[in-house]
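What follows is calculated from the coordinates using simple rules that are stated; it is not laboratory data. These numbers were taken from a predicted model, which means no experiment stands behind them. Note: ideal-geometry Cβ built from the backbone for every residue, glycine included; neighbour counts use all protein chains shown.
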Amino acid sequence: MYDENQIRPMREEVTRLGIKEVRTAEEVDAAVKAPGTTLIFINSVCGCAAGSARPGLSLAVQNNVLPDRMISAFAGNDTEAVGRARQYFAGFAPSSPAFGMLRDGELVWMLERWQIEGRPAPVLAEILKSAFNEHCGVKVAV
């Protein structure tokens, strides 16, 4: 586990955006099982990826279309919540940071650490906005 005093600024960088922090499996389940879309962000201390993931998320939440819910759990500290989130990410290796989008409890989109590393925040924001636009909001049959 990381020292809470050291990771507090990284947690707050995300919660200031209105993203709910979860620490238990029950909190993850409640968010995921609610109707609609849920973005799960696995927060991390990793400087090579999390250092641009959090700012990218900050830019992305300025999009006109957003998930119904956005939650975050910190890898290495929120062990129970991260473990449960990763159960919903079946088929993907454990990764932090990472983003997963679920619609009505089913995984519809994933962005893993290897896809985050080396990309600047504005590029990650565009990737997230594209996922929001594709998977969130009301879908109207034509």
Of the DSSP H helices in the chain, those whose Cα atoms cover at least 20 Å axially and whose Kyte score averages 0.5 or more: none
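Jot down the per residue volume, in cubic angstrom and as a whole number, of the convex hull over the alpha-carbon atoms of the chain. Each step should come with its number before you reach the end.
Details: hull volume 14.2 nm³, N = 142.
Value for the chain: 100 Å³ per residue.
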Relative contact order of the chain, pairs being alpha-carbon contacts under 8 Å that are 6 or more residues apart, as %: 33 percent
Under-5 Å amide H pairs with ALA98, H placed in peptide plane, nonlocal only: ILE42
The chain - charge dipole about Cα centre, Lys and Arg +1 at Cβ, Asp and Glu -1, debye rounded to 20: 240 debye
Spin-label model distance (nm) - LEU107 vs GLU134, 7 Å beyond Cα toward Cβ: 1.5 nm
Residue-span extension gain [ALA30 to GLU4] - 0.36 nm each, minus C-alpha spacing: 6.9 nm
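Tell me the Kirkwood radius of the stretch 62-142: reciprocal of the mean inverse pair distance over distinct alpha-carbon atoms, in Å.
On the way: mean 1/r = 0.0725 Å⁻¹.
13.8 Å is the Kirkwood radius here.
Counting only DSSP beta bridges with both residues in the chain, what percent are antiparallel, rounded to the nearest 5? Mind showing how you got there, number by number?
Numbers: 11 of 19 bridges.
Around 60 percent antiparallel, to the nearest 5.
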